[in-house]
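To keep things clear, I will list the structure first and then write my remarks on it.
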Amino acid sequence: MELLIFVSSNCPHCPNAEKVVEKIAPEYYNYGLSFKKIRMKTSEGKELASKYNIMAVPTVLFLDDKNNEIQRIIGTPSEDSLRSKIEKGLGLKKSLFSRLFG
Amino acid sequence: MEYDLVIIGAGPAGLTAAIYAARYKLNTLVIGEQIGGMAAEADEICNFPSHKKIIGIELTKKMREQVENLGVEIINSYVDSIKKIDSQFLVKTNSTEYEAKKIILATGTEKRKLGLKNEDKFLGKGISYCATCDAAFFKNKVVGVVGGSNSALTAALLLSKFANEIYIIYRKNKFFRAEPKWIEEVEKNEKIKSIFNANVIELVGENKLECVKLDNGEKLNVDGLFVEIGSIPSVKLAEELGIELEENHIKVDKKQRTNIEGVFAAGDVTNGPLKQIIVACAQGAIAANSAYEELRTEPQ
């Protein structure tokens, strides 16, 4: 799974969002997660924003191995919600049954 | 960790308080969710002395750099709670606790939402609360701006650099809260059309916003809608401390003192009459000075 975070230089919320993703994402690199920052002013940024219909920054996009969108977070994610969504996307989240009974 | 002063909020009020506190040699910490606060979202600031025109993110970056150059630490975090224990305060974030002799609350405001069905669904899919952040996504598109204040008019003017058509939707019969200079600019702009005496009552679309319905019967096909209908003071921490409010703003005296000893407040969260960056800065300076005077004269 890959995380893309779309940011722009005139977005006051973007540095906070970047900070959260940069802190949390590396915890899951061993589970097959990768992470890339996409700057909107670049041609890659414009192309990907058009492809995935990005209309706001910051947006964190979760892509599967075939580059299909799994989900997205608009705005600055909290550390807990980002962890939870990554774990769900990677299939690491245990079911209630397995949490209760191991 | 113990500090002389912990400032909650990192907008112009909090950052100016930090500059003054540092020069008073107070051991100071700033904790804020968004460095620069709401001012960082402003597209053009034309009434801050020393700058003919400056964008919000640039002005607040300068403030932040000045604070950091003075050796004050700024922590980018949300404050969960503040508790008064004897004459000290315990400030908790999700990971750390800090002790403080004095507190300045500069918690600012949060954007008000329309409160309509589909508003959350279309967030980032047409609905935006930050024109500075998202205007560029609407190149050659049609957008609406809801509101009639300075922030609504400046959002429309910024959008006119990208979008083909902009509708300002305002519930009153004319603009009277905004600065005359912004009203003049909006009226001169051929891309902007103002619709008065109207409220948005429905947000329509499948996977993204496509149309808004107004209570005057009009339907507007839009690609985006920027919500600029004012803001709500962030008074949760103040309420938990038992601080007296006035019309939902923190009530302060001339020295920016609240009714709770040792707690000061500054900026848009207070009951001051003019919500402007320069006023927030001035209030931050007064609050820091008041905290310093109390610390200087209290028995150690």
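Descriptive notes on the structure:
- Whole-number D in µm²/s for chain B (Stokes-Einstein; Kirkwood sum over Cα pairs; 20 °C, 1.002 mPa s): 105 µm²/s
- Here, segment B:12-99 is characterised by an Rg to Rh ratio of 1.04, where Rg is the alpha-carbon radius of gyration and Rh the Kirkwood radius.
- Prolate/oblate/rounded label for segment B:127-227 (Cα gyration tensor, a/c 1.5): oblate
- By the Kirkwood approach, averaging reciprocal distances over each pair of separate Cα atoms, the protein assembly as shown gets a hydrodynamic radius of 22.7 Å.
- Where labels lie 7 Å past Cα in the beta-carbon direction, separation of A:LYS19 and B:ASN221 in nm: 4.4 nm
- Kirkwood-based shape ratio for segment A:1-46, expressed as Rg/Rh from alpha carbons: 1.01
- Between helix A:14-24 and chain A: long-axis angle, C-alpha atoms, 0 to 90°, nearest 10: 30 degrees
- Model label points for A:TYR31 and B:LEU70, set 7 angstrom from Cα along the Cα-to-Cβ axis, are 4.3 nm apart.
- Inter-chain Cβ neighbour count for A:63-75, averaged per residue, equals 1 (cutoff 10 Å, partner chain atoms only).
- Here B:LYS101 is the anchor, and the lysines within straight C-alpha reach of less than 18 Å, apart from those fewer than 8 places off in the same chain, are B:LYS25, B:LYS83, B:LYS84, B:LYS92, B:LYS255.
- Percent of alpha-carbon pairs separated by more than 15 Å within segment A:2-101: 61 percent
- Legend: calculated FRET efficiency, B:VAL204 to A:ASN53, from the Cβ-Cβ distance at R0 = 22 Å, rounded to 0.05, equals 0.80.
- Sites B:LYS174 and A:SER78, calculated FRET efficiency, Cβ-Cβ separation with R0 56 Å, nearest 0.05: 0.85
- Between 0 and 90°, nearest 10: helix B:277-297 axis offset from chain B longest Cα axis: 10 degrees
- Unpartnered cysteines - no second Cys beta carbon under 4.7 Å - across chain B: B:CYS46, B:CYS211, B:CYS281
- Simple label model, 7 Å out from Cα along Cβ direction - B:ASN140 to B:LYS193, nm: 2.1 nm
- Look at the Cα gyration tensor of segment B:1-150: its axes a ≥ b ≥ c give a/c of at least 1.5 with a/b at or below b/c, and that counts as oblate.
- FRET efficiency, 1/(1 + (r/R0)^6) with R0 22 Å, evaluated for B:SER87 and B:LYS25 via beta carbons: 0.60
- Relative frequency of Cα-Cα separations exceeding 18 Å in segment B:103-154, percent: 42 percent
- Per-residue Cβ neighbour counts within 10 Å put B:PHE226, B:PHE175 in the sequence B:PHE175, B:PHE226, beginning with the fewest.
- Candidates per trypsin sites (Lys or Arg not before Pro) in segment B:1-64, loop by DSSP, up to 16 other Cβ within 10 Å: B:LYS25, B:LYS52, B:LYS53
- Sorted largest first, the spans of the alpha carbon positions of segment B:228-275 along the three principal axes are 36, 23, 14 Å.
Every read-out reported here was derived from the displayed coordinates using simple, explicitly stated rules and does not represent laboratory data. Keep in mind that this is a model prediction, so the values were computed, not measured. Here Cβ is always computed from backbone atoms with ideal geometry, including for glycine, and neighbour counts include all displayed protein chains.
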